[in-house]
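Working notes, structure below.
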């Protein structure tokens, strides 16, 4: 990937800021998401909660299904490939997906290596649960980061943990002397230049969204107040009682994440939220996939 | 030039980048996120890049649409980039929506295709010189509407497509001047706010 292409890919993520990216499994759901104000949709065959319930190996979605969603909406369409599965990524690039999520939600195809995302023209978003993971993914060519959270649980605790961890590590680097950054780069297993960027700018070099377990407008606003630049909502919408209404409420809560009065109104009569699973009840910790 | 206050639509998209530019040029900025924000006084309005469907919907649902449209019609200087140009356009060739509809041009959304079609260029902008231009899933202006034939001034053309126009109080560009290290288009807009 040329430097210019990488810049364009980071810049597309900048355009998504302040927005909500929603998981959808059909063109019909994609239309509902777009009408509710999603800034992009993630096309996948099964939402994380169902992947979790079904168990077994979970793979990239059928390209035909993804194409159906691309035709249904005018907003950017993202899709997931397995960690390390560069051929799935090549397929997604061939159908001109707008963003690839190399995602721990699917079963990893490689337990050592991530995809060399620098080989691709299309942009990648990757999950991270701390600063080291985020910078390693960026070094591999990711142009957007999201917290891993714990997908498909409806429990926001891990997303909060990951966002706080990243923020505190960024704050720590910002306050370091420059001569300490070399050792920090070694500890994080990332190039010095990336650590230096974080030191000088007090932020990641790419846009950082929250993901994993966001189920309510309050969850979304919580992540925004913690410093997320936008929010992914997976199972939280189409596993709830009134997806349309909940989706629109989450979109507005992200725009006005500091207005508690408005968020109170938005939280009324949303119907049933998705049934959550607590951290202690989970059998597979997806966030532990790919480090 | 007295200190200007520029309102930036901040419901979704790359509004922070515009605010940085405006502050660098010495202007004050306010963010428009809901109706109450419109009570403040401002000399100009920026409609940033992002997703026009999201911004258009939130403008209506957060009850800002009518007042802003009125202000633009009454001559408030407005600067739309990418999605912002779509919000201003009188007609969209591949979308049934019309938002403010104050700029008499016909615009095609996602006119260069998906993200793989995004590109960078350098091209002449009338009155400024050559500027860097970043196009992200960008629109372009297909045609000037009949109503605007006398008023719409074409400022830039890339590969035979119109990518920047000015019409009275409105400046619309298909690319993202807020993403490149060049403040001249923002300066041009600040000058429009001076009149």
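Calculate the all-directions average of the projected area of chain A's alpha-carbon convex hull, and give it in nm². Intermediate values should be presented prior to the final figure.
Values: hull surface 56.7 nm².
For the Cα atoms of chain A, the hull's average projected area reads 14.2 nm².
What is the extension gain from residue A:193 to residue A:284, computed as 0.36 nm multiplied by their sequence separation minus the C-alpha to C-alpha distance, in nm to one decimal?
Extra length available between residue A:193 and residue A:284 comes to 29.3 nm.
With the Cα gyration tensor of the range B:1-51 giving a ≥ b ≥ c as the square roots of its eigenvalues, does the rule (a/c under 1.5 for rounded; else a/b larger than b/c for prolate; else oblate) give rounded, prolate or oblate? Each step should come with its number before you reach the end.
Numbers: a/c = 2.55, a/b = 1.19, b/c = 2.13.
Oblate shape, in that a/c is at least 1.5 and b/c is the bigger or equal ratio.
Between residue A:64 and residue A:50, what is the spin-label point distance in nm, taking each point 7 Å from the Cα along the Cα→C-beta axis?
1.7 nm
Which log10 I(q)/I(0) values does the range B:100-195 give at q = 0.19 Å⁻¹ under the Debye formula, counting every alpha carbon as one identical point scatterer?
-0.94
Taking every DSSP beta bridge with both residues inside the range B:5-192, roughly what % is antiparallel (nearest 5)?
55 percent
Would you mind ranking B:67, B:52 by Cβ crowding within 10 Å, fewest neighbours first?
In order of increasing Cβ crowding within 10 Å: B:67, B:52.
Would you mind checking the range B:14-45 for residues with the amide N under 17 Å from a putative spin-label position 7 Å along Cα→C-beta of residue B:194?
B:22-28, B:43-45
Please compute one quarter of the surface area of the Cα convex hull for the range A:159-240 and express it in square nanometres.
For the range A:159-240, the mean projected area of the Cα convex hull comes to 5.7 nm².
Testing the spin-label approximation: label points 7 Å from Cα along Cα→Cβ at residue A:3 and residue B:2. State their distance in nm.
Going by the 7 Å Cα→Cβ label model, 4.5 nm.
Over 44 Å, how big is the tail of the calculated P(r) for the protein assembly as shown, in percent of all Cα pairs?
It works out to 11 percent of all Cα pairs.
What is the mean number of Cβ atoms from other protein chains located within 10 Å of the Cβ atom of each residue in peptide A:36-49, rounded to a whole number?
Mean inter-chain Cβ contacts per residue within 10 Å come to 2.
Partner chain Cβ atoms within 10 Å, averaged over the residues of B:134-140 - can you pull that number for me?
Averaged over the peptide's residues, the number is 3.
Cα centroids of the range A:1-54 and the range B:109-131: how far apart, whole angstrom?
25 Å
Relative to the compact-globule scaling 2.2 N^0.38 Å, provide the ratio for the alpha-carbon radius of gyration of the range B:5-192.
0.93
Starting with the fewest neighbours, write out B:18, A:114, A:199 ranked by other beta-carbon atoms found within 10 Å of each beta-carbon.
Result, fewest neighbours first: A:199, A:114, B:18.
Please compute, for peptide A:246-252, the average count of beta-carbon atoms on other protein chains lying within 10 Å of each residue's beta-carbon.
That average works out to 2.
How long are the semi-axes of the equivalent ellipsoid of the range A:1-116, defined as square roots of 5 times the Cα gyration tensor eigenvalues? Whole Å, largest first.
On the way: eigenvalues 89, 80, 31 Å².
Ellipsoid semi-axes (Å, largest first): 21, 20, 12.
Which residues among the range B:1-34 fall inside the zone where the amide N is under 16 Å from a point 7 Å beyond the Cα of residue B:183, along Cα→Cβ?
Those under the cut-off are B:1-6, B:17-29.
Can you tell which of A:11, A:90, A:187 shows the greatest fluctuation in a Gaussian network model of chain A with Cα springs below 10 Å?
Its mean-square fluctuation being the largest, the pick is A:187.
Can you tell me the FRET efficiency between residue B:157 and residue B:91 if r is taken as the Cβ-Cβ distance and R0 is 25 Å, rounded to the nearest 0.05?
Taking R0 as 25 Å, the efficiency between residue B:157 and residue B:91 is 0.80.
Laboratory data are not the source of any read-out in this text; all were calculated from the coordinates shown. Model, not experiment: these values are computed from the prediction. In this analysis, Cβ positions are derived from the backbone assuming ideal geometry, glycine residues included, and neighbour counts consider all displayed protein chains.
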